[in-house]
Amino acid sequence: MSESHYFDLHISGLGYVNRIREVRPRKGQPFWACDIVAIHGDREAPEKTRFDCRVSGQEAERVIKAAKAYVDHEKKVLIAFKLGDLYPETFVYKKGEKSGETGISLKARLLRVAWVKVDGETVYTAERTTQEPPEETTSE
């Protein structure tokens, strides 16, 4: 029996979670998804990168489902995350200033949530693993 070997590309960082939802495709099984707006760069003027994520794994799903109530009540939900299987997907803007223009969405799988902070207060911390996303370096 031959072993399969893979090269993993993971992204770890900090970001704000938005648009937590259950997706029910016409064909296939329902799944949970969310947007993560990752922050990076200078802490005085951080840059932001948005990822449209499919939540993978039972623990990540449990944590994101629990965070939905905070997001629905317009709380700031900051997480330390690990993403995998990143790929770009094009789309066409349907309204607004960019209507008719092509845009790019970064898609990924949310593999792990190391911790969750709501309005600056820690509400969840995962058990530590050997490779953890970075600690928060911005002040809330």
field: Which numbered condition residue 46 fails, given (1) more than 16 Å from residue 116 (Cα to Cα); (2) free of Cβ contacts under 8 Å to residues at least 60 places away in the same chain
entry: (2)
message: Tell me the residue from 35, 52 that is over 21 Å from residue 123 (Cα atoms), acidic (Asp, Glu) and either surrounded by 10 or more Cβ atoms within 10 Å (Cβ to Cβ) or modelled with pLDDT under 95 (or both), please.
response: 52
message: Report every pair of residues separated by at least 6 positions or lying on different chains whose Cβ atoms are under 9 Å apart, first residue within the range 11-35 and under 21 Å from residue 71 (Cα atoms), second of a type in the set (Ser, Thr, Tyr) and part of a strand (DSSP E or B).
response: 13/49; 15/49; 35/16
- request: State which residue pairs qualify: first residue of a type in the set (Gly, Ala, Ser) and inside the range 68-86, second residue buried (at least 20 other Cβ atoms within 10 Å of the Cβ) and not in a strand (DSSP E or B) in any location, beta carbons under 9 Å apart, and separation of 6 or more residues or different chains.
  value: 80/133
message: For the condition out of contact with any helix residue (DSSP H, G or I) (no Cβ under 9 Å at 6 or more places or on another chain) and surrounded by fewer than 10 Cβ atoms within 10 Å (Cβ to Cβ), what is the one hit in 70, 87, 93?
response: 87
Residue check for residue 44: surrounded by fewer than 12 Cβ atoms within 10 Å (Cβ to Cβ) and either farther than 27 Å from residue 91 by Cα or acidic (Asp, Glu) (or both): yes
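The values are calculated or read from the model by the stated rules, or taken from the named source; none is laboratory data. Remember, it's a predicted structure, so these values are computed and weren't measured experimentally. In this analysis, Cβ positions are derived from the backbone assuming ideal geometry, glycine residues included, and neighbour counts consider all displayed protein chains.
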